[in-house]
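Here the structure comes first, spelled out in structure tokens, and everything after it is commentary.
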Amino acid sequence: MPWESGQKQTHQENNRDPGALFARSPGDGVARVKRETTQPPAKYASLIREEDSPGRLGTSGGMPYLAHSAHLQLIGLWVGCVGWILTAVALGLVQWRVWHVLDVTVITSGVAWVGIWRTCFHSRVLLTSDSQDMFCQAMGLLDSFAPPEIPTAQVLMMLALVVGLGGNASAVYGLRCVYFGLEERQPIRIAFSLAGALSVLAGGCSLLPLSWNLNSVVANHSISFPARFHMPDAPVRQEAGAGIGVGITASLLLIGSGLMFLSYRFPATASPKVSPSPDLSSIGTSDFQGCLAVSLQSRDNPAFESEESMQDSGSNAHPVS
């Protein structure tokens, strides 16, 4: 009868050897799955890269960590910026030479200041406005009465300002390459070498005219000013003003910062900045194999087999009303 044949078939399926249900899994299925899982899953294939050359990001060698090697150069940048600012200040100061005069008829205070761009002094005679307190006259680059150290200072101080700015800019680029990471060493070496050379050159350009003017002050050299300047033919005595002092300080700072840039050396051994990139293929394979093992273990569970057998018997049994 149909009902008896269905019951016999269900009974045979229930008495079947549990290992026979998965006879092909340990041999063919698992072996086939293992062969498939030796290659990384497709979803990870686009993320896996070939092994790079040493020194590149994500390799076993890693990118060298150079930030700890540029502390002195960072200090040099700060020193160079301060030196550059002081150079600009010295360029604009009028107190390069301080003249002391006896005639106070025009120069009321008895003190006149001679810079590289103008001369100034206090006067109550030449100034008609109550709001004005200082009388100044400008000096140009082509003025014939100016001694050679003054036009030389005008040119070289401007050149020092431009060259010093270039040195600091090159140092900023070099520090950027160091702190933000760069695989090649040559740009870092060139940047610091250029920064050092420009900074030393800027310090030398400003130190030369400053020393020259200082020597003229020490020797008490006079300047034959035209009548419109209302300056005496020669001072009683003269002394170096704040402009020369600030300028010499700025020159020394620029030279010192340049030497700091030139002293940069790459570390002998550099620790990797980034740890090696994870092997995504092994991650994907292990996850898939773990899921497969759990699935096979669950199928070996007798409770799972009995439940599956009951489902099969319920689907194959057709009781006759």
>> Please count how many residues of the range 228-268 are in a helix (DSSP H, G or I) and polar (S, T, N, Q).
In response: 3
> Just a yes or no: is a residue in the range 96-111 in contact (Cβ under 8 Å) with a residue 40 or more places away in the chain, out of contact with any His (no Cβ under 9 Å at 6 or more places or on another chain) and polar (S, T, N, Q)?
Replying inline: no
> Just for the range 199-209: of the residues that are closer than 20 Å to Val98 by Cα and either under 34 Å from the mean Cα position of the chain (by Cα) or among the aromatic types (Phe, Trp, Tyr) (or both), which one is most open to solvent (accessible area, probe 1.4 Å)?
Replying inline: Leu208
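The values are calculated or read from the model by the stated rules, or taken from the named source; none is laboratory data. Here the structure is a predicted model, which is why all the values come from computation and not from measurement. Counting neighbours? That spans all protein chains shown, and the Cβs are built from the backbone with ideal geometry, glycine included. Please note that ligands, DNA and RNA were not included when accessible areas were found on the heavy atoms of the full protein model with its side chains. Shrake-Rupley method; radii C 1.70, N 1.55, O 1.52, S 1.80 Å.
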